[in-house]
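Below is one structure, written out as structure tokens, with a few remarks after it.
The values are calculated or read from the model by the stated rules, or taken from the named source; none is laboratory data. A quick note: this is a predicted structure, and the numbers were derived from the prediction, not measured. Don't worry about glycine lacking a Cβ; one is built from the backbone with ideal geometry, like all the others, and counts go over all protein chains shown. SASA here: full protein model, heavy atoms, side chains in, ligands and nucleic acids out. Shrake-Rupley method; radii C 1.70, N 1.55, O 1.52, S 1.80 Å.
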Amino acid sequence: MKKQTFDKNYCSFFLGCEGEKIQEIVIIAPCWRPETVGIEQYELIANNDCLIWDCKLNDTPFTYIVTGVGACKCLDVITSLKYTKCKKLLFLGSAGAITKKYKIGDIVFPKAVICAEGASRFLEEEMCSDTYGKLFKVSPTLWENLTRQAPLDKRIHIYSDTIGISVESIASQFKHIDEFLDLGAECIDMEASAFLASSQYINCECAICFCISDNSSNNEPLMELSEEQTIFRKQIRKDIVPKILELFIN
């Protein structure tokens, strides 16, 4: 069989738009659409497996991509950006806390994320290389700039000295929480380690911003949150994330 490679043509096919339309600054989100994080200037330019908007904030252009949920979708989108002018990436998403100090709505800039998903091993030279437990770090300069200048808000805490972990399954994660804690993780999501692995694979600077959506250690699982807690978290997201985007973009 003829060996095929993921080239510029595959990139355009997967993204649903020409690579030339992607800006140097890219925001990645599994679910949050631009209007839910306070972005007012946006135009949809691709409606494929992922959604892509051309956006502006304070006259600075950037690209906003909703990948869909899961490590594989996130990784495929970001590796496709290899054939664009993308230079730096910010991941925006929810994370569940697994230690008691985090409250609903808190903002977290993790300094690294542990891999407990399978997508990232496809970036290894050999498929037999198991990436479980591998620590992927954010770009230190971006992390330092975000954490040093992060907007303060009396309603929440902002954390930066945090390690996350990314998993494949929501339903099956709970029986492994003690293992994740033993690895040093304090919050959990489904895409961030693949985001970091693929960002580094295409040589782009990268950082992460989580909003804490639930905390199983405080008996606040996502499916049992009150309407008031959900409204509060969404309001924090809309109030705080635009200020974080300003820091990142400018």
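Extending 7 Å from Cα along the Cβ direction at residue 35 and again at residue 160 yields two label points whose distance is 3.4 nm.
Loop-located GluC sites (Glu not before Pro) across segment 1-102 with a Cβ neighbour count of 12 or fewer within 10 Å are 40, with loop assigned by DSSP. Indicate the gyration tensor shape class of segment 1-98 (rounded, prolate or oblate), computed on the Cα atoms with a ≥ b ≥ c the square roots of the eigenvalues: a/c under 1.5 is rounded; otherwise a/b larger than b/c is prolate and the rest oblate. Oblate. Taking the DSSP beta bridges with both ends in the chain, the antiparallel portion is around 45 percent. Using +1 at the C-beta of Lys and Arg and -1 at the C-beta of Asp and Glu, which of 173, 199, 245 has the Cα lying farthest in the positive direction of the dipole of the chain? Ranked along the dipole, the leading option is 245.
If only the Cβ of Lys and Arg carry +1 and only the Cβ of Asp and Glu carry -1, the dipole of segment 39-189 around its Cα centre is close to 520 debye. Among 16, 231, 61, which residue has its Cα positioned farthest towards the positive end of the charge dipole of the chain, with +1 placed on the Cβ of Lys and Arg, -1 on the Cβ of Asp and Glu, and the dipole taken about the Cα centre? Value computed over the given set: 61. If a/c stays under 1.5 just call it rounded; otherwise compare a/b with b/c (prolate if a/b is bigger, oblate if not). Do that for segment 137-243, with a ≥ b ≥ c from the square roots of the Cα gyration tensor eigenvalues. Taking the square roots of the gyration eigenvalues as a ≥ b ≥ c, segment 137-243 is oblate.
The residue list 32, 160, 212 was ranked by how far each Cα lies along the charge dipole of the chain toward its positive end, using unit charges on Cβ atoms, and 160 comes out on top. Sequence-distant contacts, meaning Cα pairs under 8 Å at least 6 residues apart, place the relative contact order of segment 158-199 at 54 percent. Across the chain, the longest run free of exposed loop sites, meaning chymotrypsin sites (Phe, Trp or Tyr not before Pro) lying outside DSSP classes H, G, I, E and B with no more than 15 other Cβ atoms within 10 Å, spans 7-131.
Excluding ligands, DNA and RNA, the accessible surface per residue across the chain is 49 Å² with a 1.4 Å probe. Magnitude of the charge dipole for segment 114-200, about its Cα centre and with charges confined to Cβ atoms of Lys, Arg (+1) and Asp, Glu (-1), is about 440 debye. Quick one: check the C-alpha center-to-center distance for segment 1-64 versus segment 81-140, whole angstrom. One Cα centre to the other: 19 Å.
Each residue of the chain gets 130 Å³ once the volume of the Cα convex hull is shared out per residue.
Qualifying GluC sites (Glu not before Pro) in segment 107-149, where qualification requires a DSSP coil assignment and no more than 15 other C-beta atoms within 10 Å, comprise 124, 125, 126. Determine the alpha carbon to alpha carbon distance for each of 85/234; 100/175; 8/243; 87/111 and list only those over 24 Å. From the list (85/234; 100/175; 8/243; 87/111), the Cα-Cα distance tops 24 Å for 85/234; 8/243. Mean separation of Cα pairs under 8 Å and 6 or more residues apart, divided by the residue count, gives the chain a relative contact order of 26 percent. Shown is the FRET efficiency for residue 224 and residue 10, computed with R0 = 35 Å from the Cβ-Cβ distance and rounded to the nearest 0.05: 0.25.
Per-residue ellipticity at 222 nm computed for the chain from its helices equals -8000 deg cm²/dmol, with DSSP H segments shorter than 4 residues left out and the rest contributing -39,500 (n - 2.57). Working from label points 7 Å from Cα in the Cα-to-Cβ sense, the residue 129 to residue 169 distance is 2.7 nm.
Taking the accessible area of the chain, probe 1.4 Å, and keeping the other protein chains in place, the carbon and sulfur fraction comes to 50%. Think of each Lys and Arg Cβ as +1 and each Asp and Glu Cβ as -1; about the Cα centre, that makes the dipole of segment 155-250 roughly 400 debye.
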